[in-house]
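The values are calculated or read from the model by the stated rules, or taken from the named source; none is laboratory data. None of these values were measured; they are calculated from a predicted model. Heads up, the Cβs are rebuilt from the backbone with ideal geometry, glycines too, and the neighbour counts pull from every protein chain shown. Accessible surface is based on the protein model in full, side chains and every heavy atom, while ligands, DNA and RNA are left aside. Shrake-Rupley method; radii C 1.70, N 1.55, O 1.52, S 1.80 Å.
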Number of protein chains: 2
Amino acid sequence: MRSAETPLIRSLPLFRDMAEANFDTLMRGAYLQTFPPQIELITEGDPSDFLHVVIDGSVELCAGWNGRETVMATVRPISTFILAATIRNAPYLMSARTLEKSRIVLLPSVDVQAVFDVDAAFARAVVTELAQCYRGLVKHTKDLKLRTSVERLANYLLRKYTAAGAPAALDLVIEKRRLASYLGMTPENLSRAIKSLQAYGVTIEGSTVRISDPADLIGLAKPTPRIDDAAH
Amino acid sequence: MRSAETPLIRSLPLFRDMAEANFDTLMRGAYLQTFPPQIELITEGDPSDFLHVVIDGSVELCAGWNGRETVMATVRPISTFILAATIRNAPYLMSARTLEKSRIVLLPSVDVQAVFDVDAAFARAVVTELAQCYRGLVKHTKDLKLRTSVERLANYLLRKYTAAGAPAALDLVIEKRRLASYLGMTPENLSRAIKSLQAYGVTIEGSTVRISDPADLIGLAKPTPRIDDAAH
DNA sequence: GCTCTGGTTTGATTATTATCAAGTCAATAG
DNA sequence: CTATTGACTTGATAATAATCAAACCAGAGC
């Protein structure tokens, strides 16, 4: 691959510190592809051949069992997904599907592994990234096990609100049924949870969220850095 | 540290392939300590100073929020815990508590990080271990989001049963209230879930589990490698 | 032996969440 | 402009799980 996106990828924490020669090796074997919406990029259970980097658009990671399905995460530019499967050379545990028209870089797993072995800076970056992903998932699990659905919604909204810098109106980016699945509830239940947050100054019209009294909502949500901080 | 446990630690996948000199460095800075039962080894939110290795006994990883608490995992010999916090040099997301009298090796995080930077084999082992932990947590999350409590119990029992080689009687090692918390339910609910599995040939008396008709139980549990396999 | 303790079980009740079935609404294709 | 589609909402109901309270039971200590 040789394209305008190369410097963009280079700027990611995962690739930032590695030697130029090794980065070139990775890029030589890479493919940049554009996918239409609703395309299944990878399927749960398939062998992991590529590390994926979302350049543009958005991708949903989901998992199914016995006819049920749940959204595990949404990946937005610029970031990678299924690093763990690539590293372990094991089958995917989640499926990935484009939500909109998306441009994605595919890095062959063999190249990633080869470069990992010779580039200490890259190795460190992979570890850092993986540890970050792990900790993110620990937080998600705590969210699911320790909170009710209304509490999960309240904290989700506060996280987005804070990340956006406490704006008067906030866009809900994700479809409600997908948000419901991500938060571990049904669309109907989300609809009712939204209604019950009106008592705490939250209004959601279409995809526009307004929080009139953050302090009140915080009183209900009781956010903690050990679940709700992106950094930590 | 210089003790009889050194070769035991050396045999772990995490330390197996590293250079002898680097392993010695790690061991020089290490402490081996014996803790009584019910001791809080680390507390959620504290800075991460040590990588822990359980040599003997057992340790419970748990997390709390707003007066509620949940068991995230149980660590048994020989394995490490809180690798991710050590790597990221970030506060612990979980607390750790001994369940019984336990011997634990403490490796200063600074040493782990220093050796990581100079030993490629160790770096690769850390990545492999972290990826394994990550995938284990993905499975746990899928289990929680896609299955009912009875299904989670059925699959938990089948996993233990299979791992033990399909014995006539199986010991339930963990206390029921802890198992309940791990599986995301109350002790009362677990008690009822056990009862409802009697219809599928499962009897649990005290801590002894008997599965008279595995095929029948499998029909209910519908286990899948993408949730229930330790390896994958 | 007894008593105390804490885990477990059981029953009754409530809370929470899911399911089913209509409806509303907005965007879009024809 | 109308018809269709699919997301979202609402209401009624059912399933699932939590809570509360009371027993039960086994092991530890006396």
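For the range A:128-153, which positions are more than 25 Å from B:Asp143 (Cβ to Cβ) and within 16 Å of DNA strand D (Cβ to nearest atom)?
none
I'd like to verify a number: residues in the range B:180-207 that are within 14 Å of chain A (Cβ to nearest Cβ), within 11 Å of DNA strand C (Cβ to nearest atom) and open to solvent by less than 30 Å² (accessible area, probe 1.4 Å), how many?
Final tally of qualifying residues: 2.
Surrounded by fewer than 16 Cβ atoms within 10 Å (Cβ to Cβ) and either outside the structural domain of A:Lys139 (by TED's automatic domain parsing) or closer than 20 Å to A:Met72 by Cα (or both): is that true of A:Ala230 in this structure?
Yes.
So which residues in the range A:94-126 are of a type in the set (Lys, Arg) and touching a strand residue (DSSP E or B) at 6+ places or on another chain (Cβ under 9 Å), if there are any at all?
Those that are of a type in the set (Lys, Arg) and touching a strand residue (DSSP E or B) at 6+ places or on another chain (Cβ under 9 Å): A:Arg97, A:Lys101, A:Arg103.
Within the set of pairs 6 or more residues apart or between chains, which connect a residue that is aromatic (Phe, Trp, Tyr) inside the range A:169-196 to a residue that is open to solvent by less than 50 Å² (accessible area, probe 1.4 Å) and not in a loop (DSSP other than H, G, I, E, B) with Cβ atoms less than 6 Å apart?
A:Tyr182/A:Val71
Filter the range B:79-119 down to the residues that are of a type in the set (S, T, N, Q), assigned to a strand (DSSP E or B) and closer than 24 Å to B:Arg16 by Cβ, then identify the one that is farthest from the chain's Cα centre (by Cα).
Per the stated criteria, the residue is B:Ser102.
Can you report the number of residues in the range A:142-168 which are over 17 Å from the mean Cα position of the chain (by Cα), among the small types (Gly, Ala, Ser) and open to solvent by 20 Å² or more (accessible area, probe 1.4 Å)?
Qualifying residue count for the region: 4.
What number goes with the only condition from (1) without any contact (Cβ under 8 Å) to a residue 60 or more places away in the chain; (2) within 10 Å of chain B (Cβ to nearest Cβ); (3) over 21 Å from A:Ser181 (Cα atoms) that A:Phe50 does not pass?
Here A:Phe50 clears every test but (2).
I'd like the full set of residues that are crowded, with 18+ Cβ neighbours inside 10 Å and more than 7 Å from chain B (Cβ to nearest Cβ), limited to the range A:125-141.
A:Ala125, A:Glu129
Is it the case that some residue within the range B:131-149 is in a loop (DSSP other than H, G, I, E, B), within 16 Å of DNA strand C (Cβ to nearest atom) and modelled with pLDDT of 95 or more?
So far as the range B:131-149 goes, yes, one or more of its residues are in a loop (DSSP other than H, G, I, E, B), within 16 Å of DNA strand C (Cβ to nearest atom) and modelled with pLDDT of 95 or more.
With the structure loaded, tell me whether B:Asp24 is at pLDDT 95 or above, open to solvent by 10 Å² or more (accessible area, probe 1.4 Å) and in a helix (DSSP H, G or I) or whether it fails that test.
yes
So which residues in the range B:208-232 are in a loop (DSSP other than H, G, I, E, B), more than 14 Å from chain A (Cβ to nearest Cβ) and not acidic (Asp, Glu)?
The one that is in a loop (DSSP other than H, G, I, E, B), more than 14 Å from chain A (Cβ to nearest Cβ) and not acidic (Asp, Glu): B:Ser212.
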